[in-house]
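**Q** Got a structure here, written out as structure tokens. Questions coming.
Since every read-out is calculated from the coordinates, none of them should be taken as a lab result. Just so it is clear, the model here is predicted, and its values are computed rather than measured. Cβ: placed from backbone, ideal geometry, glycine included. Neighbour counts: every protein chain shown.
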Amino acid sequence: MATKQSTKISIDGKKISVNCIDWDIKLAKPDFKSADMCEEYGLFEKRRNLITIQDKTDQVTEFNTLLHEILHGVVWLGTLNASGQPLDTEEKEELVVNTITNYLVGVFKQNKWFRDYLIQSFDTFDNNK
């Protein structure tokens with residue numbers, strides 16, 4: 001039985017829109033001289049509208065990291081990390097973003113029917129425009 005081969009979608013150079021704000025996505029190699037992308041797999045830079053993901057990671061790590069950084073952006077847009085808000089320290093924000101990301105990735109990875117359902121649902125939304 002033949003298996004369906006799909007082409008890997010490259011995220012490098014893509015844009016993702018969240019609440020009508022476009023964020024650029026770029027892949028970056030670790031730079032050990034400057035320590036850029038050496039300690040982390042990704043970085044959300046709100047002032048630059050940029051998500052940087054470490055290049056050459058496996059597919060699950062890349063997906064997890066991209067979702068993680070998008071959620072940091074959602075936290076920022078929703079002002080959940082502003083003074084007096086629930087995620088007002090870096091530690092609180094990282095704990096919540098990391099936990100939600102890891103569990104969502106598990107749900108997506110372990111439930112192909114749910115991934116198909118999401119695609120079908122969003123395809124239906126597009127047809128209703």
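**Q** Under the √(5λ) rule applied to the eigenvalues of the Cα gyration tensor, what semi-axes describe the equivalent ellipsoid of the chain? Give them in Å, descending.
**A** 26, 21, 16
**Q** Can you work out the FRET efficiency for the pair Asn98 and Thr7, with r the C-beta to C-beta distance and R0 = 30 Å, to the nearest 0.05?
**A** E between Asn98 and Thr7, to the nearest 0.05, is 0.50.
**Q** Hey, another quick one. Indicate the helices, whole DSSP H runs only, in the chain that combine a mean Kyte-Doolittle hydropathy of -0.5 or more with a Cα extent along their long axis of 20 angstrom or more.
**A** Helices meeting the criterion: 59-77, 90-110.
**Q** Which whole-number percentage describes the relative contact order of segment 15-127, with Cα contacts under 8 Å and a sequence gap of 6 or more?
**A** Contact order relative to length: 16 percent.
**Q** Is there a pair in Lys26/Lys46; Lys92/Lys112; Lys8/Lys29; Lys46/Lys92; Lys29/Lys109; Lys29/Lys112 whose C-alpha atoms are over 24 Å apart, and which pairs would that be?
**A** With Cα atoms farther than 24 Å apart: Lys92/Lys112; Lys29/Lys109; Lys29/Lys112.
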